[in-house]
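Worksheet: the structure to be examined is printed underneath.
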Amino acid sequence: MKQLARNYLWWSGLDADIERVCRECTACAALRAQPPPAPLHSWEWPVEPWSRLNVDFLGPFRNKYYLVILDAHSKWLEVEPVPNTSAATVISCLRKIFARFGLCKVIVSDNGPPFSSSEYLHYLNKNGIKRILVAPYHPSSNGAAENVVKTVKLVLKKAIIENVNLEKALCTFLFTYRNTEHCTTQKEPSVALLGHRLRGRLDLLRPNTRDVIRDKQSSQEERRGGSLREMSTGDRVLVRNYNNNLVKWKEGVVLDRTGPVSYVVKTDDDNRTSRRHVDQILDKNYKKSRYTLTCA
């Protein structure tokens, strides 16, 4: 427009006047293009798990909606099938999830009817939860929820194409997702939230640590050999003496058995009670001689 005007006339401030007229044009303003996107402003990462949740709706798929809930710290994902998108339905789902993981501090959502309703706001206020509503028609403001909604939608569409039960497909996806290291946190959501990975079928390929240790213990026991000597309460025995370098064994009696190879015994000469391993006890079938009771 400026170039066309310069071909026929000119005055001081021509360009500024043309720009002013265009800005004041109602039709031009109504149809103008989007302004350049603002610089990316990331949400602050919460330092505590389950402190800020991002929620959004997905669907309908086969007459069902899905409430998608993402923990901003751990990236733990919950997807709840629901019959509708009412505030009462949202509150019911949150109540169940809070029963498992506790109350969060903040919930971020769009300003759709269920999330902007007074019923929903009252429920959050009653439980000390802050509500944050993002700008309407600007899903990137709730980008965390937007991304997982796209992923879940893809999972459900694939299940429909492959004629797989949606509930089964969703459960399989959630289990795998929660046990897979997240690119942002470098941790599995299950580890970040619960402190441990979820046990799955692939864990059957790895031997159980407890079983491995028990097998090694059994191997050590077999290599050592020997037979286990057992004693009963009241048995007369010889007890290893560590207080005198001359007399190695002292007479005593078994008071109690405290384990597979340990006993509580009492010595006759001083009535002292002590715990001894079976290797430190001899039964009464010994030869009463000075040689037996003293060091060689």
Calculated on alpha-carbon atoms, Rg and Dmax of segment 225-285 in Å: 10.9, 35
Expected sort for GLU48, GLU146 with the fewest Cβ neighbours (10 Å cutoff) up front is GLU48, GLU146
Tell me the volume per residue, in Å³, of the convex hull enclosing the alpha carbons of segment 52-196. 110 Å³
Please go through the residue pairs LYS216/LYS248; LYS64/LYS126; LYS130/LYS168; LYS216/LYS284; LYS75/LYS157; LYS75/LYS153 and name each one whose alpha carbons sit more than 24 Å apart in this structure. LYS216/LYS248; LYS64/LYS126; LYS130/LYS168; LYS216/LYS284
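Counting other beta carbons within 10 Å of each residue's own, what order do SER219, SER117 fall into, fewest first? Let's see the in-between values first.
Values: SER219 10, SER117 16.
If I rank by nearby Cβ atoms, fewest first, I get SER219, SER117.
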Name the aspartates and glutamates eligible as straight-distance cross-link partners of LYS250: C-alpha to C-alpha under 17 Å, and not fewer than 8 places from it in the same chain. ASP235, ASP268, ASP269, ASP270, ASP279, ASP283
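Bear in mind these aren't lab numbers, they're just calculated from the coordinates by the rules spelled out. Because the structure is predicted, anything quoted here is derived from the model rather than measured. No Cβ is skipped: glycine too gets one built from the backbone with ideal geometry, and neighbour counts run over all protein chains shown.
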